[in-house]
Amino acid sequence: MVTKTEETQLNRLESQVEHGGGGAWEYLSLVRKLKVRRSDKVLKHGLAILNDPKKRSSLGSEEWTLYEQVAIAAMDCQSLDVAKDCINVLQKRFPESKRVGRLEGMLLEAKGSWEEAEKAYASLLEDSPLDQVIHKRRISIAKAQGKMPLAIELLNKYLEIFMADADAWRELAEIYVSLQMYKQAAFCYEELILSQPTVPLFHLAYADVLYTLGGLENLQSAKKYFASTIELTGGKNTRALFGVCLCTSAIAQLTKGRNKEERDSPDLQLLAIAALEKDYKQRASSKLPVLVSALKSLKVSS
């Protein structure tokens, strides 16, 4: 994730380059370092360097890095002829490079030649079965074609090898949610919470899935994870505050008629309601009556 300081530095350099103040290479290097996508700017300023023999030669071996960066930006911008020219230069310089082979596969993807791209990646994987980038490109091809069962299959195979890849677990979870496969999504979020327990987004997503699954046990767990989201965000996550209210109300309905000791305490819900009302009063006072009315229907008496 890019920090505010890094974002400020990037914007400052971008403005400087845009107004003719120089520093194009520094800007392009920072874009690479931060792994952000500013493809139109990269294409513009990268080509300006590559088309100037003096500037290009001053880069030394970094020239090839720039060709790769511009090629990817060109594909993002659908400037496929530019991408092809860059890849051709790299192919002549590195005829046996698997890295260049990946770029050729990506160009086929950009053209919509899915079968050819898949064949290219399959061939590369025969020589480099642990190449994470190629595995991910194959997953992207499946998703681009709307072949979600295949994307799930490929992601599961990928995670058998690269179990610590949080982005892949999250991607798989989101696909499962989109297909209403909530139990499978819950398992993915459990893995994410185990590996990164302080990320509130994972607690919130897991709580959402558990609430959707329903049933007393799931609702009780969902409430706990909404509560942990609130704790991790310093009490400022509106969605989690609503989640606590919804879970408490649903649990009360399911445990109606039971002994008081068996019922869920409404204390946390009361705190959530107070926090929501305070937040709305400060940021959206005109909507406060609507909120109060909605929460009144959810409120559980002690």
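The values are calculated or read from the model by the stated rules, or taken from the named source; none is laboratory data. Because the structure is predicted, anything quoted here is derived from the model rather than measured. Heads up, the Cβs are rebuilt from the backbone with ideal geometry, glycines too, and the neighbour counts pull from every protein chain shown. Ligands, DNA and RNA are excluded from the accessible area calculation, which covers all protein heavy atoms including side chains. Shrake-Rupley method; radii C 1.70, N 1.55, O 1.52, S 1.80 Å.
Numbers below:
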| item | result |
| --- | --- |
| Test: residue in the stretch 186-202 that is at pLDDT 95 or above, touching a Pro at 6+ places or on another chain (Cβ under 6 Å) and either charged (D, E, K, R) or open to solvent by 40 Å² or more (accessible area, probe 1.4 Å) (or both) | no |
| Cβ pairs under 8 Å, 6+ apart, first in the stretch 102-119 and without any contact (Cβ under 8 Å) to a residue 40 or more places away in the chain and within 17 Å of V133 (Cα to Cα), second part of a helix (DSSP H, G or I) and among the acidic types (D, E) | L103/E68; L108/E116; A117/E109 |
| Flag for K84 being open to solvent by 30 Å² or more (accessible area, probe 1.4 Å), farther than 21 Å from E14 by Cα and more than 24 Å from the chain's Cα centre (by Cα) | yes |
| Residue tally, condition open to solvent by less than 80 Å² (accessible area, probe 1.4 Å) and part of a helix (DSSP H, G or I), over the stretch 87-101 | 8 |
| Candidate set: the stretch 259-302, residues that are modelled with pLDDT under 80 and in contact with a helix residue (DSSP H, G or I) (Cβ under 8 Å, 6 or more places away or on another chain); chosen: the one surrounded by the most Cβ atoms within 10 Å (Cβ to Cβ) | D264 |
| Residue count for the stretch 211-244, restricted to those that are in a helix (DSSP H, G or I), polar (S, T, N, Q) and within 26 Å of Q282 (Cα to Cα) | 3 |
| Pairs, first over 12 Å from D40 (Cα atoms) and open to solvent by less than 40 Å² (accessible area, probe 1.4 Å) in the stretch 62-77, second part of a helix (DSSP H, G or I) and of a type in the set (G, A, S), C-beta under 8 Å, six or more apart | E63/S57; L66/G46 |
| Qualifying residue in the stretch 146-163 (condition: of a type in the set (F, W, Y), open to solvent by 50 Å² or more (accessible area, probe 1.4 Å) and at pLDDT 95 or above) | no |
| Some residue of the stretch 188-202 being over 15 Å from the mean Cα position of the chain (by Cα), assigned to a helix (DSSP H, G or I) and under 30 Å from A274 (Cβ atoms) | yes |
| Any hit, the stretch 230-243, residues being closer than 25 Å to K143 by Cα and of a type in the set (G, A, S) | no |
| Considering residues of the stretch 123-143 that are within 17 Å of E104 (Cβ to Cβ) and among the hydrophobic types (A, V, I, L, M, F, W, C) only, the residue surrounded by the fewest Cβ atoms within 10 Å (Cβ to Cβ) | V133 |
| Any hit, the stretch 102-122, residues being open to solvent by 60 Å² or more (accessible area, probe 1.4 Å), assigned to a loop (DSSP other than H, G, I, E, B), out of contact with any Leu (no Cβ under 6 Å at 6 or more places or on another chain) and on the phi > 0 side of the Ramachandran plot | no |
| Positions within the stretch 38-59 being under 16 Å from A83 (Cα atoms), assigned to a loop (DSSP other than H, G, I, E, B) and not charged (D, E, K, R), in sequence order | N51 |
| Any hit, the stretch 25-37, residues being out of contact with any Pro (no Cβ under 7 Å at 6 or more places or on another chain), of a type in the set (D, E, K, R), part of a loop (DSSP other than H, G, I, E, B) and open to solvent by 60 Å² or more (accessible area, probe 1.4 Å) | yes |
| Residue within the stretch 49-61 that is free of Cβ contacts under 8 Å to residues at least 60 places away in the same chain and under 24 Å from R137 (Cα atoms) present | no |
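Residues are listed down the side, and each one gets a yes or a no for (1) under 25 Å from I72 (Cβ atoms); (2) in contact (Cβ under 8 Å) with a residue 12 or more places away in the chain:
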position	(1), (2)
H135	yes, yes
K147	yes, no
L150	yes, no
L154	yes, yes
E160	no, no
D165	yes, yes
E171	yes, yes
E191	no, yes
